[in-house]
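Structure record follows, encoded as structure tokens.
The values are calculated or read from the model by the stated rules, or taken from the named source; none is laboratory data. Computed from a predicted model, the values in this text were never measured in an experiment. Glycine also receives a Cβ, built like all others from the backbone with ideal geometry; neighbour counts cover every protein chain displayed.
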Amino acid sequence: GAGGTLNAFTTADVTEYHQVVPSHYLDMVLWLESDRLRSLAVTDDNFDNQREAVKEEKALRFDNRPYLLALQQFFAEVWTGTGYGHLTIGTEEDLSAATTDDVQRFFDTYYVPNNAVMAVVGDIEYDELERKVDQYFGDLPRGPDRPPRPAIDHSMAQPLARTTEDPLAGQPLYLIGWKTVPKRHPDYQAVRILMNVLLRGDSSRLTRLLKDERRMVVASIPTDSMGGGIDAGVSAGAFVPTAGHDFASIQQVVRAEVAKVKKRGITSKELQKA
């Protein structure tokens, strides 16, 4: 009845809840969010219901889509032994094994005021907003200190190469990537610009070179956004080859173009476009 929208999403680093409502419904939204932190009730029944919903989402978004298996395994190999080494949505085994106590323990550890960030944008005066936030959230008790984030090793002793059989894939897909920098690293935006120059859009270097000029691939797709996070970064590209072209030949072109950028940089026109 408020005429707005609400949704949520989870990544390897954060869970975000967001609402868009008319400003005169701000009190309702603040009350709902404070109630989530204050009195979440997890029961076996509602947990089992949500577990099945997540399994259905996993089957729809990941398990029954071609090439997703290869992408999952690619990033799992890169970040093996870390929290980035598996899908955020979990495996079938993880979902089946989780208990109500697991959920409550996770909630009590992370869904606490000292581990939360709130952002409010809209038609409201700051002093009024501060008063309302204090009204709804001010008496929430502080939770336990957040567990330290484990250190992530960005080095690689040697290149990794794997082959994945995907029964849903009608054509081969070649993935090539590099460990780069995490999102809060000062070079993160520079790496994003470089990936845009190399792979994002029809006029990007590798798309133009491999698809338009040499006809070696039918598609090139940047996948760097799938494999990074606050503490980890991967820059990667996926290529669907044309008949007669194998991974080695495509890899050679990719590496040569990266070496060219390393030696000569990018042009001012490419920088502006990226």
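Here is how the numbers come out for the structure above:
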| item | result |
| --- | --- |
| Among the residues listed as Asp187, Asp202, Asp231, the single one being closer than 20 Å to Leu271 by Cα, under 22 Å from the mean Cα position of the chain (by Cα) and acidic (Asp, Glu) | Asp187 |
| Residue that is modelled with the lowest pLDDT [pool: residues in the stretch 259-274 that are surrounded by 12 or more Cβ atoms within 10 Å (Cβ to Cβ) and of a type in the set (Lys, Arg)] | Lys273 |
| Unmet requirement for Glu128, which otherwise passes all of (1) loosely packed, with under 12 Cβ neighbours inside 10 Å; (2) farther than 30 Å from Asp44 by Cα; (3) touching a residue at least 24 places away in the same chain (Cβ under 8 Å); (4) over 24 Å from the mean Cα position of the chain (by Cα) | (3) |
| Pick from the stretch 11-46, criterion under 27 Å from Arg149 (Cα atoms) and in contact with a strand residue (DSSP E or B) (Cβ under 8 Å, 6 or more places away or on another chain), ranking: modelled with the lowest pLDDT | Arg36 |
| Selection status of Glu270, over 30 Å from Thr15 (Cβ atoms), out of contact with any helix residue (DSSP H, G or I) (no Cβ under 6 Å at 6 or more places or on another chain) and of a type outside the set (Gly, Ala, Ser) | no |
| Qualifying positions in the stretch 55-101 - farther than 29 Å from Val181 by Cα, within 17 Å of the chain's Cα centre (by Cα) and aliphatic (A, V, I, L, M) | none |
| Test: residue in the stretch 142-151 that is in contact (Cβ under 8 Å) with a residue 24 or more places away in the chain, in contact with a strand residue (DSSP E or B) (Cβ under 9 Å, 6 or more places away or on another chain) and loosely packed, with under 15 Cβ neighbours inside 10 Å | no |
| Residue in the stretch 157-178 that is assigned to a helix (DSSP H, G or I) and either of a type outside the set (Ser, Thr, Tyr) or touching a Gly at 6+ places or on another chain (Cβ under 6 Å) (or both) present | no |
| Count - residues of the stretch 205-227 that are at pLDDT below 90 and over 21 Å from the mean Cα position of the chain (by Cα) | 1 |
| Any hit, the stretch 61-83, residues being surrounded by 13 or more Cβ atoms within 10 Å (Cβ to Cβ), modelled with pLDDT of 95 or more and outside any helix (DSSP H, G or I) | no |
| Filter pass, Val240 being over 29 Å from Ala151 (Cβ atoms), not basic (Lys, Arg) and not in a loop (DSSP other than H, G, I, E, B) | yes |
